[in-house]
Amino acid sequence: MDRQEFLRRADQALERVATSLEDVDPDVVDFAMSDGVLTLEFADRQRYVLNRQTAADQMWFAAGARAWHYDWDAQGEQWLDDRDGHELFARVREEIAKKLGKPV
């Protein structure tokens with residue numbers, strides 16, 4: 001994948017997560033996006049971060065003490081974890097739901 005395609009796909013991933021949080025009360029989870037980094041801040045001030053790692057052509061997601069790295073799978077057209085192959089958006093949903101105690 002060339003640099004422009006990576007940036008386009010990475011930015012689409014960031015936008016997808018941000019859009020999914022627009023209807024969530026900002027007192028529960030607030031978010032900000034800047035230069036390839038989406039930061040989620042919860043009421044207890046804990047932060048989760050989803051960001052593009054341009055040098056590695058990956059998306060990285062950090063939630064609490066855990067972090068995952070995702071490569072673009074062109075065949076499946078999805079971001080997959082570089083260790084166990086789980087899908088990025090499923091993990092983001094799962095971690096936010098665990099944190100909030102309800103699905104998002």
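Taking all C-alpha pairs of the chain, those more than 20 Å from each other amount to 34 percent. Residue-wise HN-Hα couplings along segment 37-44, as the Karplus relation 6.51 cos²θ - 1.76 cosθ + 1.60 with θ = phi - 60° gives them from phi, are 10, 10, 10, 9, 10, 9, 4, 7 Hz; Gly and Pro carry x. Computed from Cα positions, the angle between helix 88-100 and the longest principal axis of the chain comes to roughly 10 degrees. Remark: the chain carries a charge dipole of roughly 280 debye about the Cα centre, counting +1 on each Lys and Arg Cβ and -1 on each Asp and Glu Cβ. The loop-placed GluC sites (Glu not before Pro) in segment 48-95, going by DSSP, that have at most 10 neighbouring Cβ atoms within 10 Å of their Cβ come out as Glu77. Axis angle, to the nearest 10 degrees, between helix 3-20 and the longest C-alpha principal axis of the chain: 20 degrees.
Approximating the spin labels as points 7 Å out from Cα along Cα→Cβ, the Gln46-to-Glu77 distance works out to 3.5 nm.
Here the gap between Met1 and Gln53, fully extended at 0.36 nm per residue and compared with their Cα-Cα distance, gives a gain of 17.3 nm.
Longest stretch of the chain clear of exposed loop sites (trypsin sites (Lys or Arg not before Pro), DSSP loop, at most 11 other Cβ atoms within 10 Å, sites excluded): 1-44.
Every number here is computed from the coordinates shown, using simple stated rules; none is lab data. Note that the structure is predicted; figures quoted are calculated from it, not measured. Every residue, glycine among them, receives a Cβ derived from its backbone with ideal geometry; neighbour counts consider all protein chains shown.
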